[in-house]
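Asks: Handing you a structure now.
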Amino acid sequence: MQIYLDTANLNEIREAASWGILSGVTTNPSLIAKEKGGDFRGIITEIASLVDGPISAETIALDADGMVAEGREYAQWHPNVIVKVPSTPAGLQAVARLAAEGIRTNVTLCFNATQALFAARAGAFIISPFVGRVDDTGIDGMSLIREIVQIYRLHHLKTLVLSASIRHPRHIIESALAGADIATCPFGVIRQSMKHPLTDSGIERFLADWKARQ
Ligand code: G3P
């Protein structure tokens, strides 16, 4: 399973990329809005210069013509740009039209397996089920990942399953176990995942023993 960063923050991207674990980046309008400096295009092209992998940029239009127009524009910014569209009928239409032009899409805000099946049929490159937001409704978000992975495997669908709305390290582990192709994670969850009190106390103990030997 590949690890993407779910952020538009360049410092977080630089840091995670320096750990050698980053295969791509996802953004959304809320994440872009949090970054005060730079326009949308500038932020996306800067991210593309830091990470050699798919970079998702989300459309704002709600109609298929608008999504296709924005998608065509984004795709010109950098070859790694993936056009993100919502799980709506207009989104499906945009996916099919953009796919016919060779433009890759990420279908976002996916909350059930039929949305994922239809996105794959329309020609999506990535499907993004929102695990954390499903959990928030009191339903097990990870079961959505398991259903989609099973459906895609049974029916030989090539669309990549990306676990989105990741809230804690356990979501990353369970996404990997469920067979997701990608987990996109906030930087805080990535950092938290590498933190363990036994790692810290183990380092302290090794260093103390080493000094005592001198
Ligand atoms: O980028 C889409 C998704 O990962 C958003 O997550 O935490 O806002 O539900 P969240």
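Asks: Please verify whether residue 32 is within 14 Å of the ligand (Cβ to nearest atom) and either part of a loop (DSSP other than H, G, I, E, B) or in contact with a Ser or Thr (Cβ under 9 Å, 6 or more places away or on another chain) (or both), treating the condition exactly as stated.
Replies: Against the criterion (within 14 Å of the ligand (Cβ to nearest atom) and either part of a loop (DSSP other than H, G, I, E, B) or in contact with a Ser or Thr (Cβ under 9 Å, 6 or more places away or on another chain) (or both)), residue 32 does not qualify.
Asks: Let me ask you something else. Assess whether residue 114 counts as being of a type outside the set (Asp, Glu), assigned to a helix (DSSP H, G or I) and without any contact (Cβ under 8 Å) to a residue 24 or more places away in the chain.
Replies: Taking the combined requirement at face value, the residue satisfies it.
A quick yes/no check of all residues on (1) among the polar types (S, T, N, Q); (2) over 18 Å from residue 161 (Cα atoms); (3) open to solvent by 30 Å² or more (accessible area, probe 1.4 Å):
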position: 49; (1), (2), (3): yes, yes, yes
position: 89; (1), (2), (3): no, yes, yes
position: 93; (1), (2), (3): yes, yes, yes
position: 105; (1), (2), (3): yes, no, no
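Asks: Would it be correct to say that residue 123 is on the phi > 0 side of the Ramachandran plot and either more than 15 Å from the ligand (Cβ to nearest atom) or crowded, with 23+ Cβ neighbours inside 10 Å (or both)?
Replies: Yes.
Asks: Looking at the stretch 176-197 only, could you name the residues that are within 16 Å of the ligand (Cβ to nearest atom) and either free of Cβ contacts under 8 Å to residues at least 24 places away in the same chain or under 15 Å from residue 2 (Cβ atoms) (or both)?
Replies: 180, 181, 182, 183, 184, 185, 188, 189, 190, 191, 193
The values are calculated or read from the model by the stated rules, or taken from the named source; none is laboratory data. Since the structure is predicted, the reported quantities are computational estimates derived from the model, not experimental observations. For neighbour counting, all protein chains shown are included, and Cβ atoms are generated from backbone atoms with ideal geometry for every residue, glycine included. Side chains included, ligands, DNA and RNA excluded: accessible areas come from the protein's heavy atoms. Shrake-Rupley method; radii C 1.70, N 1.55, O 1.52, S 1.80 Å.
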